[in-house]
């Protein structure tokens, strides 16, 4: 890191033709040794959630050994390059006490971050604020956006709803308040414009006019980019070039995806289907999250790979079947193998996300070093809808809070207890959250 007496303000942005482009943390934004020491001692911690629907084939997921010598199961296999960056956590229950049956999917997604069960009603919404929003209320004081709620499926058209429960319970995991679910966004263009500027509306005609006027955000700030590069030290010029290249790459991929979607996937023919290239769509959504963290536009992001009851199909991996129906495998080996393939594929995409985070510099480390990421599902076994011993993987080092490379096992501990402990790391202290019974031992997570 370059230590200088002069510094670029941390909130410096590039502006042009209505676009505002936030910048990542540069070395030259740190003015002196004392400031560097402060920044190095207390790097910014981010929180992320990567939610997968419909449960898992637990025998393919859950390691039998505990500690540093646990085996990477078929589902966890893609995480091999990041073994030291992930912590497999078992023994956590979404439901700490037995409840009456029914609404397994509604409870799975709703309780994942709220720890409150939804009422049996197709119209009445009443659960609790989700822990990501509690964190967003704190971290949002320092960022342009308090949080981002993203998904791979449209919450309006995808899948079905649990019988007797309102549809928001299966279409989102985020609750601003007990009665206010936050919808997810799965359109990369809309997400990009929210992060880096828009015309004040998502109306297609207005956005098309804006695109004609302004070919890209980077084109509109070319003059400022050139001026800034001349004033930056060599290390920061490299960072700026890499960052702007990432922005340009995402723009071009979005434009290509939109052009292909318009030609090959008319909305009238595929109102609830997947994009023409699901994996390209997925990587775009993950790259947008990395960019949002990189330039500190937000420090809290939730991402649903699919909503509960998701009917997503995965022909690209040899599973053309709808996800939810085959998750009720009822002992059929063919269905079990297909669901296991989906589970491993979701984990492969998570590994891509971790790779991008680890490759992105942030202060004296990487974004992954300064992340607290929670991967998981609200259901354990997909066939039985078991809410006990649900799959949870913690990723990142949490600015020194988390120590990976291990499988740690609790015994019948509410998921809410983990939530309380995680919130502590962001300076948010609560006596109780949902149906928590206490906290997990922080020493176990950071040994």
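The values are calculated or read from the model by the stated rules, or taken from the named source; none is laboratory data. Because the structure is predicted, anything quoted here is derived from the model rather than measured. Every residue, glycine as well, gets a Cβ built from its backbone with ideal geometry; the counts of neighbours run over all protein chains shown.
Among the candidates 125, 79, which residue alone is surrounded by fewer than 24 Cβ atoms within 10 Å (Cβ to Cβ), touching a strand residue (DSSP E or B) at 6+ places or on another chain (Cβ under 9 Å) and farther than 14 Å from residue 175 by Cβ?
Only one candidate passes the filter, namely 79.
Sort out which residues of segment 154-181 are in a loop (DSSP other than H, G, I, E, B) and buried (at least 18 other Cβ atoms within 10 Å of the Cβ), and write them in order of number. Explain how you work it out, then say what you get.
Residues of segment 154-181 in a loop (DSSP other than H, G, I, E, B): 154-167, 172-174, 178-179.
Answer for segment 154-181, where residues must be in a loop (DSSP other than H, G, I, E, B) and buried (at least 18 other Cβ atoms within 10 Å of the Cβ): 155, 158, 159, 161, 162, 165, 166, 167, 172, 173, 174.
If I filter segment 395-404 for residues that are within 16 Å of residue 47 (Cα to Cα), without any contact (Cβ under 8 Å) to a residue 40 or more places away in the chain, buried (at least 22 other Cβ atoms within 10 Å of the Cβ) and out of contact with any strand residue (DSSP E or B) (no Cβ under 6 Å at 6 or more places or on another chain), do I get at least one hit?
There is no residue in segment 395-404 that is within 16 Å of residue 47 (Cα to Cα), without any contact (Cβ under 8 Å) to a residue 40 or more places away in the chain, buried (at least 22 other Cβ atoms within 10 Å of the Cβ) and out of contact with any strand residue (DSSP E or B) (no Cβ under 6 Å at 6 or more places or on another chain).
Say whether the condition of being closer than 17 Å to residue 111 by Cα and modelled with pLDDT under 90 is met by at least one residue in segment 148-162.
Yes, segment 148-162 contains a residue that is closer than 17 Å to residue 111 by Cα and modelled with pLDDT under 90.
Give segment 411-444 a look and list any residue that's touching a residue at least 40 places away in the same chain (Cβ under 8 Å), closer than 24 Å to residue 379 by Cβ and outside any helix (DSSP H, G or I), or say none.
Matches in segment 411-444: 411, 412, 413, 414, 433, 434, 435, 436, 437.
To keep it simple, each residue is scored yes or no on (1) in contact with a strand residue (DSSP E or B) (Cβ under 8 Å, 6 or more places away or on another chain); (2) in a loop (DSSP other than H, G, I, E, B); (3) over 24 Å from residue 117 (Cβ atoms).
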residue: 349; (1), (2), (3): no, no, yes
residue: 352; (1), (2), (3): no, no, yes
residue: 355; (1), (2), (3): no, no, yes
residue: 368; (1), (2), (3): yes, yes, yes
residue: 372; (1), (2), (3): yes, no, yes
residue: 375; (1), (2), (3): yes, no, no
residue: 386; (1), (2), (3): no, yes, no
residue: 390; (1), (2), (3): yes, yes, no
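Do we find that residue 447 is within 20 Å of the chain's Cα centre (by Cα), more than 20 Å from residue 72 (Cα to Cα) and touching a residue at least 12 places away in the same chain (Cβ under 8 Å) in this structure? Don't jump to the end; show me each part of the working.
Values: within 20 Å of the chain's Cα centre (by Cα): no; more than 20 Å from residue 72 (Cα to Cα): yes; touching a residue at least 12 places away in the same chain (Cβ under 8 Å): yes.
Answer is no for this residue.
Residues of segment 295-309 being at negative phi and at pLDDT 90 or above, which ones?
Passing the criteria: 298, 299, 300, 301, 302, 303, 304, 305, 306, 307, 308.
When you look at residue 335, is it modelled with pLDDT of 95 or more and in contact with a strand residue (DSSP E or B) (Cβ under 8 Å, 6 or more places away or on another chain), yes or no?
no
Which of the residues that make up segment 362-382 are modelled with pLDDT under 95 and surrounded by fewer than 19 Cβ atoms within 10 Å (Cβ to Cβ)?
364, 365
Take the residues of segment 106-122 that are in contact with a strand residue (DSSP E or B) (Cβ under 9 Å, 6 or more places away or on another chain) and closer than 11 Å to residue 378 by Cα: which is surrounded by the most Cβ atoms within 10 Å (Cβ to Cβ)?
Among those that are in contact with a strand residue (DSSP E or B) (Cβ under 9 Å, 6 or more places away or on another chain) and closer than 11 Å to residue 378 by Cα, it is 110.
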